[in-house]
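The values are calculated or read from the model by the stated rules, or taken from the named source; none is laboratory data. In this text the structure is predicted, and so the values were computed from the model without any measurement. Virtual Cβ from ideal backbone geometry, glycine too; neighbours counted across all protein chains shown. Calculation scope for accessible area: heavy atoms of the full protein, side chains included, ligands and nucleic acids excluded. Shrake-Rupley method; radii C 1.70, N 1.55, O 1.52, S 1.80 Å.
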Amino acid sequence: MTTPLHSWNLEPAAARALQTELARKVVLRNEVGEVRRIGGVDVGFEDGGKVTRAALVVLSFPSLAVLERQLVRVPTTFPYVPGLLSFREMPAILRAYEQLGEKPDLLLCDGQGIAHPRRFGIACHLGVWLDVPTIGVAKKRLVGWHDEVADVKGATTALLDKGQRIGTVLRSRVGVKPLYVSPGHRVNHEEAVSWVMRCLTRYRLPEPTRQAHKLASLEK
DNA sequence: GCGACAG
DNA sequence: ATCTTGTCGC
């Protein structure tokens, strides 16, 4: 199946309205069943941003061994606008997902889940679109505030915004900037953090996302 | 009007 | 994200 590009070419105002609408479909209850395969998603750009590279890597769980890798390159059709990242990166990601053999039971995305102005970051959009459990693992904060996180691997503190919890700030390893973890779809805060922690080894990023980033940046 | 601002 | 070399530290 091919994704119609036009449905992603919306004006910023229309895209924001669509996010507010689709955010109602996000499920924040834990519906993650048995997990044998975990997928990692990341996107890179080349040729001055004219080409979008989407990388999707599937790892076995709990061994975290790489089972499959998919890399697709498509023309970029949407600019980077804070808060509208999914409209820029999802078309390419969906192409990579289509190429996958065995679909993963859970997807970790480089970017926010509900830790978003309209509670609909790229992890939510991908999760709702594919109807699969997803978790947002961002390297930086988009919205919200939080206390300092202890410099101890596994230390966490809640990410808050407008009186509600929107995510968790997690120190994935000593001496590095913390990660911003938030539910994407079909998972709750606690499980989101738990899955990320179970995928941590000796690096700042959890294996699924780390492997996807390596592939997207062509650093094979 | 002045900052903030995932990738 | 991407553009880019060396450099500090385990």
Separation between Cα centres of region A:80-134 and region A:45-67, rounded to whole Å:
13
Leaving out ligands and nucleic acids, note down the accessible area per residue over region A:94-171 with a 1.4 angstrom probe, in whole Å².
41
Using a 1.4 Å probe on heavy atoms of the protein chains only, the accessible area for A:Arg88 in Å², nearest 10, reads 40
Using the per-residue mean of other Cβ atoms lying within 10 Å as a proxy for protection, in what order, highest first, do the peptides A:43-52, A:168-177 fall?
A:168-177, A:43-52
Checked region A:111-151 against the a/c 1.5 cut and the a/b vs b/c comparison, axes a ≥ b ≥ c from its Cα gyration tensor; verdict prolate
Counting only residues 5 or more places away or on other chains, whose amide H sits under 5 Å from the amide H of A:Phe45 once H atoms are built in the peptide plane?
A:Arg53
Using a 1.4 Å probe over the heavy atoms of the protein chains, calculate the carbon and sulfur portion of the accessible area of region A:81-179 as a whole percent.
50
Can you tell me which lysines have their Cα less than 28 Å from the Cα of A:Lys50? Leave out same-chain residues fewer than eight positions away.
A:Lys139, A:Lys140, A:Lys214, A:Lys220
As an exercise, use a Förster radius of 41 Å and the Cβ-Cβ distance of A:Thr77 and A:Lys153 to find the FRET efficiency, rounded to the nearest 0.05.
0.55
To the nearest 10 square angstrom, how much accessible area does A:His185 have with a 1.4 angstrom probe?
10
Ignoring everything except DSSP H segments at least 4 long, calculate the 222 nm mean residue ellipticity for chain A; use -39,500 (n - 2.57) per segment, divide by total residues, nearest 500.
-7500 deg cm²/dmol
Anisotropy class of region A:36-145 from Cα gyration tensor, a/c 1.5 cut
oblate
Which value in nm describes the separation of the simple spin-label points at A:Arg36 and A:Arg204, placed 7 Å from the Cα toward the beta carbon?
3.5
